Amino acid sequence: SAVISQKPSRDICQRGTSLTIQCQVDSQVTMMFWYRQQPGQSLTLIATANQGSEATYESGFVIDKFPISRPNLTFSTLTVSNMSPEDSSIYLCSVGGSGGKHTEAFFGQGTRLTVV
Amino acid sequence: EDKVVQSPLSLVVHEGDTVTLNCSYEVTNFRSLLWYKQEKKAPTFLFMLTSSGIEKKSGRLSSILDKKELFSILNITATQTGDSAIYLCAAEPLSNFGNEKLTFGTGTRLTIIP
């Protein structure tokens with residue numbers, strides 16, 4: 001199993017500002033995933049963060065809006081830039097099994113973002 | 001494009017009832033189907049299903065996968081108020097890396113009335 005520490009747990013931000021969310025994993029993992037869950041919606045994948053290369057973004061998400069860092073195999077950050085009220089969501093990081101093992105995905109505790 | 005559809009979208013039952021939640025999927029190179037329970041923010045893992053027809057059980061919860069018809073069900077018997085949550089299913093494709101990104105369904109919001 002993997003334990004993920006995600007912070008902040010929640011934040012209220014002014015529109016036009018940026019927020020950086022951090023995820024620390026207790027083991028080395030190849031891929032980390034960032035999801036968004038808008039109110040009343042399911043989880044939508046934003047991007048896949050690979051160590052040593054640029055993140056791979058899903059359709060509808062761009063690097064300028066959601067820059068991601070992955071400096072090593074245990075850590076990643078997601079920044080929500082130039083925020084608007086539409087960015088109010090829960091943001092979750094996730095990892096799968098390490099060492100090629102097929103396990104369930106593990107999630108961080110989530111960040112509840114409110115943009116005012 | 002991979003797709004996961006859950007039904008019903010919401011369900012309200014009385015404590016003690018049995019519920020069945022449905023999940024259908026269309027995934028290229030399907031590997032597994034996962035069920036999660038989401039009470040506040042982070043989804044918590046319930047089941048991973050990779051083989052068809054083999055029921056997985058955990059207490060009052062059970063789940064089974066039908067790879068021919070491309071669906072899965074999650075059963076909860078003798079429901080309790082603590083079962084109130086959003087139940088998410090997610091499909092995972094094959095990957096060379098061990099784990100690949102998940103495609104989530106919209107979830108079923110289950111409410112148990114005392």
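The values are calculated or read from the model by the stated rules, or taken from the named source; none is laboratory data. If you're wondering where the values come from, they're calculated on a predicted model, not measured in any experiment. Positions of Cβ are generated from backbone atoms using ideal geometry, with glycine treated the same way; all protein chains shown enter the neighbour counts. Heavy atoms of the whole protein, side chains included, go into the accessibility calculation; ligands, DNA and RNA do not. Shrake-Rupley method; radii C 1.70, N 1.55, O 1.52, S 1.80 Å.
Assorted remarks:
- Placing unit charges on the Cβ atoms only, positive for Lys and Arg and negative for Asp and Glu, gives chain B a dipole magnitude near 220 debye about its Cα centre.
- Sorted into 5 angstrom bins from 0, the C-alpha pair distances of the protein assembly as shown split as 1, 7, 14, 18, 19, 17, 12, 8, 4, 1, 0 percent.
- With a 1.4 Å probe rolled over the protein heavy atoms of all chains, the accessible area of B:LYS67, A:LYS7 falls in the order A:LYS7, B:LYS67, largest first.
- Ligands, DNA and RNA excluded, the heavy atoms of A:ARG15 present near 150 Å² of accessible surface to a 1.4 Å solvent probe.
- Lysine pair count for chain B (Cα-Cα distance under 26 Å; residues 8 or more apart in sequence or on different chains): 27.
- For chain A, the relative contact order works out to 37 percent when only alpha carbon pairs closer than 8 Å and six or more residues apart are counted.
- Debye intensity ratio in log₁₀ form over the Cα atoms of chain A, taken at each q of 0.14 Å⁻¹: -0.52
- Probe 1.4 Å, accessible area per residue of region A:4-110, Å²: 45
- Chain B, Cα convex hull volume normalised per residue, Å³: 99
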